[in-house]
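Read-outs throughout are calculated quantities, based only on the coordinates presented, and are distinct from any laboratory measurement. Quick caveat, the model's predicted, so the values are computed rather than measured. Virtual Cβ from ideal backbone geometry, glycine too; neighbours counted across all protein chains shown.
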Amino acid sequence: MNGTDDAIMERTMKELPAWVSDWWQPIETAPMDGEVVLLYKPDEQRSGDYIAAGYWGDWPAQGRDGQCWIACSGGPLAPPTHWMPRPNPPH
């Protein structure tokens, strides 16, 4: 994904029905095996809300253990609070 794809994903997620919010799960329950999931972080004044496709993986500049949440578009993400599985693509 690139920046344009991320913007489309974010707009799409905001337009989904309210019941979809029940799909979000605490980040502590997220798979940490490289599986790509949707990630959410609420507004914290400096970086704003985001919904991004990403995965837990190795990022060399991330301290001692080198692991963090990484956006599929590239680069580490600020720590998300929730996750959900990616939906199936349209038929």
Neighbour-count ranking [beta-carbon atoms within 10 angstrom, fewest first] of 32, 84: 32, 84
Label point distance in nm, residue 53-residue 91, each placed 7 Å from Cα along Cα→Cβ: 2.1 nm
